[in-house]
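The values are calculated or read from the model by the stated rules, or taken from the named source; none is laboratory data. As the structure is a computational prediction, the values presented were derived from the model and not from experiment. Neighbour counts run over all protein chains shown; Cβ positions are idealised from the backbone, glycine included.
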Amino acid sequence: MTDHTPGSGNQPEEPTPRPEGTSASTGDTPPAGVSPQQPQPPGSPQPQQAQQPGSPQQPQQPEGQQPYAQQEATNPYVRPSEATSPYAAQPEGQQSYAAQGAQPHATQQFPHAPWPSAGGHAAVPPPPQRSRRSGLVAGVAALALVCGLVGGGVGGYVGYQFGDQGPGVTSLDESRPARSISTAPQGSVQQVAERVLPSVVQLQLVTARGSGEGSGIVISDDGYILTNNHVVDGGGARGQITAQFQDGRSAPVRVVGTDPKSDLAVVKADITGLTPAQLGRSDDLPVGAPVVAIGSPFGLSGTVTSGIISAKDRPVRAGGESGSEDTVLNALQTDAAINPGNSGGPLVDMDGNVVGINSAIYSPGNGQGQAGSVGLGFAIPIDQAWRIANELKERGSATQTTLGVLIGVGNQPGALVRNVVPGGPAEQAGIRVGDLITKVDTRPITDPDSLVAAVRSHAPGDRVKITISGGGGDRTVDATLAGQG
């Protein structure tokens, strides 16, 4: 049998007649997608086949007619298939339908259109007994048209009925949950904020020179608060400081102790039932570690921002008199947003432990307005702040770590020794005027500020190695740092 594609202009060969009453599949392989018929005794009526939803009804085959199943894929009225011509095959399990006595047309093919039945399934009625092709073509075309009109009319009526019932359901009509069910993942910024926020306060300062705002950290449940010196500077006898707590309470505070050189201060509010912050450590905090800053930037209390530790041991002048080494900090650098008003607030790790006291930001411009965050913020390491806060709380003052030298800028990178304090750690270690200090332990010293920051990062009594560049070459000495009030 030659291959025939509908619409190609070729006529299919006449199938070979089979003995009367034999099965369409006996001795032959049915075409793909066509279900074989069951054998029936000659002359017996064909049983009704169970119809699949949407499948056409199988007509009985009278004697003398060629079985439609033997026409294989050549009959143009067979249902479409993915592998052959659009009208080449019927899905498996469905029976094909062809007009009895009709010959396939070479140029016109029409798929069968489903007809709605009372049972809810589509069925195709048996075709009339006609010998003319035009009758079948016209009948099928008319059937398809009627089905299209019926479908369009029903769809239009349903659409009209629904549209007549008013607007559809919107999100505004839905009931909302009683509360947010979001659970903070372990180590998330959300969880850190939930833990630390109760321990952060807003400090409001009013003096004869004006007013200002900053932040503070609760360090005891009975009202002790750690903050920056420059936040409460001026809040003595002629000023007033008020603390606004996260639980909505407020109370006036008094200054317990200040240390301008470290830019730290401790104040006290007469209030109880507070939540003290958990203090961490900063010596082993790696660069790149995630951190969260909390405070009151521009008066917006309880503001939470996040970032990373961008650098460590950064010498920074901040929080006091501009240009004075008294305000040099051995700072942690972070890209978490820190703005005016964040000063004195905590910088915490992802466990909610305080690792630094936010103190300064870098301001690249010389504008008249307040500077904002450019991703360069600085915090006092908690290792240094913890020691000084203890001394301020207990005695009202703190001791500073010193090497016992006066330094300046030399012709080479380092800190040039201009004077040595008699009996101090430097003199005892053998450091002389004119020496150029280039390293403390393994930390490079490139200018006077870096030496001040390196020394203040230690506590009094710590022993350090000092590398010196002098006339006879580099040498290393051991020095025991001292403390001074």
Could you figure out which of (1) more than 27 Å from the chain's Cα centre (by Cα); (2) farther than 21 Å from Thr207 by Cα isn't true of Ile294?
-> (1)
Among the residues of segment 305-344, write down those that are in a strand (DSSP E or B), touching a helix residue (DSSP H, G or I) at 6+ places or on another chain (Cβ under 6 Å) and at pLDDT 95 or above.
-> Ser306
Name every residue in segment 380-414 that is touching a Ser or Thr at 6+ places or on another chain (Cβ under 6 Å) and in contact (Cβ under 8 Å) with a residue 60 or more places away in the chain, in order of residue number.
-> Ile380, Pro381, Ile382, Asp383, Ile388
So which of Pro444, Pro381, Pro425 is under 30 Å from Ser188 (Cα atoms) and out of contact with any Phe, Trp or Tyr (no Cβ under 8 Å at 6 or more places or on another chain)?
-> Pro381
Residue check for Thr399: touching a Gly at 6+ places or on another chain (Cβ under 6 Å), surrounded by fewer than 18 Cβ atoms within 10 Å (Cβ to Cβ) and at pLDDT below 95 = yes
Has segment 264-275 got any residue that is closer than 23 Å to Gln333 by Cβ and surrounded by 14 or more Cβ atoms within 10 Å (Cβ to Cβ)?
-> yes
Determine whether Asp335 is of a type in the set (Asp, Glu), within 24 Å of Arg395 (Cβ to Cβ), surrounded by fewer than 22 Cβ atoms within 10 Å (Cβ to Cβ) and touching a strand residue (DSSP E or B) at 6+ places or on another chain (Cβ under 8 Å).
-> no
Select from segment 429-445 the residues that are on the phi < 0 side of the Ramachandran plot and surrounded by fewer than 15 Cβ atoms within 10 Å (Cβ to Cβ) and list them in ascending order.
-> Arg432, Val433, Thr442, Pro444
Quick one: Gln246 ticks every box in (1) touching a Leu at 6+ places or on another chain (Cβ under 9 Å); (2) in a strand (DSSP E or B) except a single one, so which number is it?
-> (2)
Read through the list (1) touching a strand residue (DSSP E or B) at 6+ places or on another chain (Cβ under 9 Å); (2) without any contact (Cβ under 8 Å) to a residue 40 or more places away in the chain, then give the number of the only condition that Gly473 fails.
-> (1)
Of all strands (runs of 3 or more DSSP E) fully inside segment 347-459, the set with 1 or more residues that are over 16 Å from Lys261 (Cα atoms) is 354-361, 377-381, 405-408, 415-420, 436-440
